[in-house]
1. Compute the acute angle (0 to 90°) between the alpha-carbon long axis of helix 119-132 and the principal axis of greatest extent of the alpha-carbon atoms of the chain; round to the nearest 10°.
2. Determine, for each peptide in 191-203, 28-40, the mean count of other beta carbons within 10 angstrom over its residues, then list the peptides with the highest first.
3. Of the DSSP beta bridges with both residues in the chain, give the percent that are antiparallel, rounding to the nearest 5.
4. Return the Rg/Rh ratio of segment 127-215 with Cα-based radii and a Kirkwood Rh.
5. Arranged from highest to lowest average of other beta-carbon atoms within 10 Å per residue, in what order do the peptides 96-109, 175-188 appear?
6. Considering only C-alpha atoms, what is the centroid distance from segment 89-123 to segment 3-44, in Å?
7. Pairs of lysines 8 or more apart, or on different chains, with alpha carbons under 21 Å: count those in the chain, would you?
8. Long-range amide H contacts for Ile71: which residues qualify at under 5 Å (H placed 1.01 Å from N, peptide plane, sequence gap of 5 or more or a different chain)?
Amino acid sequence: MKQFAVIGCGRFGSSVAETLYELGHEVLAIDINEERVQEISDRVTCAVQADVSDEKVLIELGIRNFDVVIISIGSNYQASIMATLIAKELGVKKVIAKANDELHGKVLSKIGADRIIFPERDMGIRVAHNLVSSNILDFIELSPDYGILEITALDEWANKTLKELKLPSRYGISVMAIKRDKNINISPYADDVILKGDILVVLGNTNDIESLEQSVGE
């Protein structure tokens, strides 16, 4: 069980905090808005109203003792930047910060955030990929160069082995897992057969994934 602190309890922050708590972790939710704190108090380990731009407050809350601090402050750039800076200066090992735009993300990265999340941009990317074809179920961008795609097996893939399909040479993608009903085959073998309705989780270069999506969407 890990200890998480979520600073900023808007829609994104609340969703993260509540999900982590449901997964069995200890979660401290912090927000300057008393109403938000009250709303989430029953769905996390502890909820506190506090001004996170004050270093003394974060020290009193023992922020340095948490495994991960997620800073999900919305439009208040100054508070977001100050909370990130203070958390890193206090020795928090991993700070994940939400950014509203590229410039905000660059500043957060410069002051030490270990990971930057762009919720709206990332959701837009996932929706766009999903709209390409009914076979495309989801897309996760790992970096500007690589991504993970969930795709329903094409009809012509049915009853063929991965070796026969030659997906790495045809599309430049690697199959990480095969979902079949409630079962998941992690790291499938070349001789594993793809059945109609299977969902493939594939990893590939962004350009290769785009080429696959174009061929699927035709």
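No value in this document is a laboratory result; all are computed from the given coordinates. Source: prediction; values computed, not measured. Note that each Cβ is placed from the backbone with ideal geometry, even for glycine, and that neighbours are counted across all protein chains shown.
1. 20
2. Numbers: 191-203: 16.7, 28-40: 18.2.
Order by mean packing, descending: 28-40, 191-203.
3. The antiparallel proportion sits near 55 percent.
4. Values: Rg = 12.1 Å, Rh = 13.0 Å.
Ratio of gyration radius to Kirkwood radius for segment 127-215: 0.93.
5. 96-109, 175-188
6. 18
7. The result is 25.
8. Ile7, Ile96, Ala97, Lys98
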